[in-house]
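See structure below.
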Amino acid sequence: MKLTYYGHSALLVETEQAKVIIDPFLSGNPDSGISPADIKVDAVLLTHGHSDHFGDSLEIAKNNDCPIFAVYELAEYCRMKGAKVQHMNTGGSRAYGGFTVKYTQAFHSSSITEGDTWIYAGQPAGILLTSGGKTLFHAGDTALFGDMRLIGERNRIDAAALPIGDVLTMGPDDALLAARWLRAEKVVPLHYNTFPDIAQDASEFCDRLGQEGIQGYALKAGESVEI
Ligand code: NI
Ligand code: MN
């Protein structure tokens, strides 16, 4: 399974069986390094509705004639905007094409804004993505929570993509404990340095992971890692 980082929380995941993108916030992020028009995928997976995750989902789904996977309310929003969708909710899994997704709990919020209107987008989620015998856990935006231990106990997680930016999600200290609880062999830090509020030193975080026997990858936008 090949992971390519496109800044913030956006990850392109490729196996021989499938190609998907998670949280494609690309055109709105000057550091993403890619245009949504250049994304070729079989599905878009969303953790929640906030604009720094929803990003270019509708355009990518339309260009690729592929579905958007999201928690029920967010999936309905996408459907009303003309997208193909696959409805999910916390605790549910679904096999599709060459991959399986399971939506997990996340402690955060989820909504969409249109002008001065707030639209409810259901519960936020983390995503367990399995394809080609490998499993990635993308935590979405979340606080540390004790049931990450359960997620680690019940799944063999090859790599975890974890927010480390603090303020809006876990910071590095909590993400370090999350990595341990998830029993992740490899970790890709997410959700840092995009805005001044969430500035973090990702190499230092990866050094700390290394001291715990976990391999950390502070990817720059456009860089990949094979897990
Ligand atoms: Ni968020
Ligand atoms: Mn976010």
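The values are calculated or read from the model by the stated rules, or taken from the named source; none is laboratory data. Just so it is clear, the structure is predicted and the values come from calculations on it, not from any experiment. Positions of Cβ are backbone-derived with ideal geometry, glycine not excepted, and every protein chain shown enters the neighbour counts. Heads up: the accessible areas ignore ligands, DNA and RNA and are worked out on the full protein's heavy atoms, side chains in. Shrake-Rupley method; radii C 1.70, N 1.55, O 1.52, S 1.80 Å.
The simple Förster model, with R0 at 35 Å and r as the Cβ-Cβ distance, assigns E16 and A143 a FRET efficiency of 0.50. Under 16 Å from a point 7 Å along the Cα-to-Cβ line of L150: which residues of the range 82-113 have their amide N that close? Label zone hits: 89-93, 102-108. The heavy atoms of K102 offer some 70 square angstrom of accessible surface to a 1.4 angstrom probe.
With r defined as the distance between the Cβ atoms of D65 and D197 and R0 fixed at 25 Å, what FRET efficiency is calculated, to the nearest 0.05? Here the calculated transfer efficiency is 0.10. Counting only aspartates and glutamates at least 8 places from K134 when in the same chain, those with an alpha carbon closer than 13 Å to its own are E14, E16, D158, E185, E226.
Given a Förster distance of 25 angstrom, what is the FRET efficiency for D38 paired with Y96, based on the Cβ-Cβ distance and rounded to 0.05? Mind showing how you got there, number by number?
Numbers: r = 23 Å, r/R0 = 0.92.
E(calc), rounded to 0.05, equals 0.65.
At a Cα cut-off below 13 Å, give the aspartates and glutamates reachable from K62, other chains included and same-chain residues fewer than 8 away excluded. Correct list for K62: D38, D42.
Keeping the other protein chains in place, figure out the carbon and sulfur percent of the accessible area of the chain, with a 1.4 Å probe. Intermediate results must be reported in sequence, preceding the final value.
Values: 4410 of 9710 Å².
After summing per-atom areas, the C and S share lands at 45 percent.
Placing pseudo-labels 7 Å out from each Cα toward the beta carbon at D173 and S27 gives an inter-label distance of 4.1 nm. This model, with +1 at the C-beta of Lys and Arg and -1 at the C-beta of Asp and Glu, gives the chain a dipole about its Cα centre of some 840 debye. Projecting the Cα atoms of Q86, L177, G140 onto the dipole axis of the range 2-214, where Lys and Arg carry +1 and Asp and Glu carry -1 at the beta carbon, places Q86 farthest toward the positive end.
Peptides 173-180, 156-163 ranked from most to least packed give 156-163, 173-180, packing being the mean of other C-beta atoms within 10 angstrom over each peptide's residues. For A10, neighbours were defined as the other residues whose beta-carbon sits under 12 Å from its Cβ, and their charges (Lys and Arg +1, Asp and Glu -1) total -4. Taking 0.36 nm per residue of sequence separation and removing the Cα-Cα distance, the S224/D207 pair yields an extension gain of 4.2 nm. The long axis of helix 172-182 is offset from the longest Cα principal axis of the chain by roughly 90 degrees.
Across H108, H50, the residue with the most accessible area heads the list, and the full order at a 1.4 Å probe is H108, H50.
Hey, if we sort R79, R154 by accessible area with the 1.4 Å probe, largest down, what's the order? Could you put the intermediate results ahead of the total?
Details: R79 115, R154 170 Å².
Putting R79, R154 in descending order of accessible area: R154, R79.
With protein chains left intact and a 1.4 Å probe, residues in the range 2-214 average 42 Å² of accessible area per residue. Taking the DSSP beta bridges in the range 2-214 as the whole, what percent of them are antiparallel, to the nearest 5? Expressed as a percentage, antiparallel bridges in the range 2-214 total about 60.
Could you work out the helix-only [θ] at 222 nm for the chain, with each DSSP H run of four or more residues adding -39,500 (n - 2.57) and the total divided by the number of residues, to the nearest 500 deg cm²/dmol? Each step should come with its number before you reach the end.
Numbers: 6 runs with 49 residues, N = 227.
Rounded to the nearest 500, it is -6000 deg cm²/dmol.
Going by average Cβ neighbours within 10 Å, how do the peptides 14-27, 117-130 rank, with the highest at the top?
Working: 14-27: 21.8, 117-130: 20.0.
Top of the packing list down: 14-27, 117-130.
Taking every C-alpha pair closer than 8 Å and separated by at least 6 residues, the mean separation divided by the residue count of the chain gives a relative contact order of 18 percent.
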